[in-house]
Structure formats: structure tokens, C-alpha cells
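**Q** Starting off with a structure, shown below.
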Amino acid sequence: MLTKAQVEFVLKTMGEMFPDAECELTHSNPFELTIAVVLSAQATDALVNKVTPALFEKYKTPENYVEVPLEELENDIRSIGLFRSKAKNIKKLAQSLIEDYNGEVPRERDELIKLAGVGRKTANVVASVAFDEPAIAVDTHVERVSKRLGICRWKDSVLEVEKTLMKKVPKDEWSITHHRLIFFGRYHCKAQSPNCMACPLVALCREGKKRLKKKGIVVGE
């Protein structure tokens, strides 16, 4: 496990590598962001962004999603994985917004989680990006990077990873750290081919040192 000073170095380095890290899902308001994040489950942001411009042009309000036949909505998002279940969830989500929240996306994470298709990660993204609430959303990139670097333990659950990061990262840096961890994992420390050879954090990274050792390269602390 990394020390507090090492975690600070990691975050500073990621900030230098990705100073402009931000949410890459196309959206113009909290409602569109919520729909986009629901669609992004087990799908890439790039794929979702190919679908949402036309989707958001067609559907402006929760009422629009409620009124459309399920089969039509499914067809509109067919290129995204799990499109059938996502279409059902979006319709239920839209109905809940109308019935319980006056058609507006709630700001509170506990309320967001009540919406169909919205788990803790989705709620954290919406709270952070749409409403500037401090939050760390643990997606596959955040989890992988945190465990590879030793910020968290290999056996930690997603919730444990989130809680550990919340303890080790200053609260006012939670949201930007979430984006930087994602960028680091998406563009540098990839799942199948992490760029360990050119990584400024490899000396701290247990996974990176292990991978390089297999190639006969030993990295000191």
C-alpha cells in the first residue's frame, strides 16, 4: 500500500500527465448526463457519444422517453450493449423523474440511486459532473489503476476502493482525481497493454515492476 506522500506524488503526476481530464460523455444538462451514464454501463464513452447526439435531439424531456414505444427506444440505442435492459431502465427512470422529482434530476446521491439503472458509480458521476458535488466514481479504470499502483488492495470491493480513495485523497480533489484516474487508465495504464516502459509511476507500481521484471528489466524504488 502506498504511503500518503506516495499517493500525493501519484496524484500530482497524473495531474501533470492529464491536466485537462474531464467527463468525456457528450451532454448539455444533468438529464442528458444521467441518460449518457446509464448508457455507458459496460460500454465505452466513445460508443455512447456516437449515439447520444441523435438521441438527445429526438428526446428532450423525461416525457419524451415515457411516451415513446419501448421498441422504438430500443432501436435508437441498439448499437450499445445491453440496449434492451437500458431502454427499459431509461423509461422507468424518466417516469420516476416525472412522478417524484418534478421532471428534474435530483442532486442528492441517495435520491439518484433510487432511479432505475443508476447505481452508486452513476450517481457519483452525476453528482460530481452535473452538480459539482465532491465524489469519486469507481469505474473499471479507477479500480484497475488504484489496485495496480497499490493505493488499494487487490481484494478490495468497488465500494472499498471508493472509501479508500476518499480517505487518501483530499475532499476538494475527489472529482478531479476521479477524472485523472480514468484518463490514466484509459489512455496510459490500459487493461491489456499498460505503457509500463514509459510510465513515470512505475517505480511505485507493484504491477508495473512485476511486468517489467518478466522482461528482464528491474526497476528500483
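The values are calculated or read from the model by the stated rules, or taken from the named source; none is laboratory data. All figures in this text were calculated on a predicted structure; none of them were measured in a lab. With ideal geometry, Cβ positions are generated from the backbone for all residues, glycine too; neighbour counts draw on all protein chains shown. Accessible surface areas use protein heavy atoms only, side chains included; no ligands, DNA or RNA. Shrake-Rupley method; radii C 1.70, N 1.55, O 1.52, S 1.80 Å.
So that you can scan it fast, the table gives a plain yes or no per residue for (1) hydrophobic (A, V, I, L, M, F, W, C); (2) crowded, with 20+ Cβ neighbours inside 10 Å:
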residue	(1), (2)
V129	yes, yes
E133	no, no
E173	no, no
S193	no, no
G208	no, yes
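**Q** Say we look at region 1-49 and pick out the residues that are small (G, A, S) and touching a residue at least 24 places away in the same chain (Cβ under 8 Å); which of these is farthest from T61 (Cα to Cα)?
**A** Here is the first cut: in region 1-49, the residues small (G, A, S) are 5, 15, 21, 28, 36, 40-41, 43, 46.
From what is left, the residues that are touching a residue at least 24 places away in the same chain (Cβ under 8 Å) are 15, 21, 28, 41, 43.
Values: G15: 36, A21: 29, S28: 13, A41: 21, A43: 23 Å.
My answer is G15.
**Q** Follow-up. Show the residue pairs that are 6+ apart or on different chains and have beta-carbon atoms under 7 Å apart, the first residue being within region 195-207 and part of a loop (DSSP other than H, G, I, E, B), the second being modelled with pLDDT of 90 or more and of a type in the set (V, I, T).
**A** Sorted first by the residue in region 195-207, then by its partner, the pairs are P200/T13; L201/V10; L201/T13.
**Q** Take T140 and decide whether it is open to solvent by 60 Å² or more (accessible area, probe 1.4 Å) and in contact (Cβ under 8 Å) with a residue 12 or more places away in the chain.
**A** Details: open to solvent by 60 Å² or more (accessible area, probe 1.4 Å): yes; in contact (Cβ under 8 Å) with a residue 12 or more places away in the chain: yes.
Spelling it out, T140 is indeed open to solvent by 60 Å² or more (accessible area, probe 1.4 Å) and in contact (Cβ under 8 Å) with a residue 12 or more places away in the chain.
**Q** Could you check region 92-118 and list, in sequence order, the residues that are in a helix (DSSP H, G or I) and surrounded by 21 or more Cβ atoms within 10 Å (Cβ to Cβ)? Talk me through it step by step, then tell me what you get.
**A** At the first step, the residues of region 92-118 found to be in a helix (DSSP H, G or I) are 92-100, 109-112.
Selection gives L93, A94, L97, L112.
**Q** Pick out the one residue from A135, A127 that is part of a helix (DSSP H, G or I) and either of a type in the set (D, E) or in contact with a helix residue (DSSP H, G or I) (Cβ under 7 Å, 6 or more places away or on another chain) (or both).
**A** Numbers: A135 fails: part of a helix (DSSP H, G or I).
Of the residues listed, the single one that is part of a helix (DSSP H, G or I) and either of a type in the set (D, E) or in contact with a helix residue (DSSP H, G or I) (Cβ under 7 Å, 6 or more places away or on another chain) (or both) is A127.
**Q** Just to be sure I understand, how many residues within region 35-70 are of a type outside the set (D, E) and assigned to a helix (DSSP H, G or I)? So that I can check it myself, show each step before the final result.
**A** Taking region 35-70 and keeping what is of a type outside the set (D, E), we get 35-44, 46-56, 58-62, 64-66, 68-70.
Pick out the ones that are also assigned to a helix (DSSP H, G or I) and you get 35-39, 46-56, 58, 62, 64-66, 70.
Residues flagged as of a type outside the set (D, E) and assigned to a helix (DSSP H, G or I) within region 35-70 amount to 22.
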